[in-house]
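Okay, so here's the structure we're looking at.
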Amino acid sequence: MFFSLPPLSPDLYLDPGSGSILFQMIVAAILGAGVLIRSQWARIKKWFGVKDNTEEQNENDEENK
C-alpha cells in the first residue's frame, strides 16, 4: 500500500527543524489539554453526574438534623 502512493513533489520537503517544531506543537497540545482538564475537573465530574464526597456529606448532615 505504501509503495502505491505517488512520489512526493519537491514542494513537500521537510527539513529537520520542521519536524522539531511539529513535535513541540504535539507535546504542547497534549500538555495544554491536560492542564485544561485538570482545571475544569469539577465541571467535568458534575456534567457526568458524579458528586463530590463533600457534597454527599453535606446532604447527609442536612438529613440528620
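Looking at the range 5-12, is at least one residue exposed (fewer than 10 other Cβ atoms within 10 Å of the Cβ), at pLDDT 70 or above and either assigned to a helix (DSSP H, G or I) or of a type in the set (Val, Ile, Thr) (or both)? No, the range 5-12 contains no residue that is exposed (fewer than 10 other Cβ atoms within 10 Å of the Cβ), at pLDDT 70 or above and either assigned to a helix (DSSP H, G or I) or of a type in the set (Val, Ile, Thr) (or both).
Name the pairs whose Cβ atoms lie under 8 Å apart, with the first residue in the range 40-53 and in contact (Cβ under 8 Å) with a residue 24 or more places away in the chain, the second in a loop (DSSP other than H, G, I, E, B) and exposed (fewer than 10 other Cβ atoms within 10 Å of the Cβ), and 6 or more positions between them or separate chains? Close Cβ pairs satisfying both conditions: none exist. So in the range 26-59, with the set limited to residues that are small (Gly, Ala, Ser) and modelled with pLDDT under 90, which one is nearest to the chain's Cα centre (by Cα)? For the range 26-59, the residue satisfying everything is ALA42.
The values are calculated or read from the model by the stated rules, or taken from the named source; none is laboratory data. Computed from a predicted structure; not experimentally measured. Positions of Cβ are generated from backbone atoms using ideal geometry, with glycine treated the same way; all protein chains shown enter the neighbour counts.
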